[in-house]
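Notes to accompany the following structure.
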Amino acid sequence: MAVNAIVKNVKLQIKYLGEVKDGKQAYISKTYNKVKPEAEDQDIYDAAGIITGLQTKEVFSINKAEDSELVEA
C-alpha cells in the first residue's frame with residue numbers, strides 16, 4: 001500500500017540565545033505561522049535571515065515544522 005503525505009501546515013521557528021541563568025543557557029523561541037506549504041526551503045531560510053537581521057539576540061537555530069496528513073495513494 002502506497003502512502004502520500006499532504007502538507008497541511010508549515011511553521012518557521014527561530015530560536016535565539018537568551019540569558020544564562022544558574023549556569024544554564026535559556027532560549028527565546030519565536031514561531032511564525034501560516035508559511036505557504038509550497039514555499040521552498042531556501043526561501044524560508046532567506047526570510048528567516050531577514051527577520052533575524054532585525055533582532056539584537058544571537059540566533060541559535062532556524063527550524064521548519066510541517067504538519068502532514070497521510071493518505072493512501
Restricting attention to the stretch 18-41, the residues that are under 12 Å from the mean Cα position of the chain (by Cα) and modelled with pLDDT of 95 or more number exactly 7
Within the stretch 1-59, the count of residues that are farther than 27 Å from A73 by Cβ and basic (K, R) comes to 6
For strands (runs of 3 or more DSSP E) lying entirely in the chain, having 3 or more residues that are open to solvent by less than 80 Å² (accessible area, probe 1.4 Å) and touching a Ser or Thr at 6+ places or on another chain (Cβ under 7 Å) picks out 3-21
Give the residue that is nearest to N4 (Cα to Cα), with candidates limited to residues of the stretch 15-73 that are basic (K, R) and in contact (Cβ under 8 Å) with a residue 40 or more places away in the chain. K64
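The values are calculated or read from the model by the stated rules, or taken from the named source; none is laboratory data. Since the structure is predicted, the reported quantities are computational estimates derived from the model, not experimental observations. We place every Cβ from the backbone using ideal geometry, glycine too, and count neighbours over all the protein chains shown. Ligands, DNA and RNA are stripped out before the accessible areas are found, and what is left, the full protein with its side chains, is counted by its heavy atoms. Shrake-Rupley method; radii C 1.70, N 1.55, O 1.52, S 1.80 Å.
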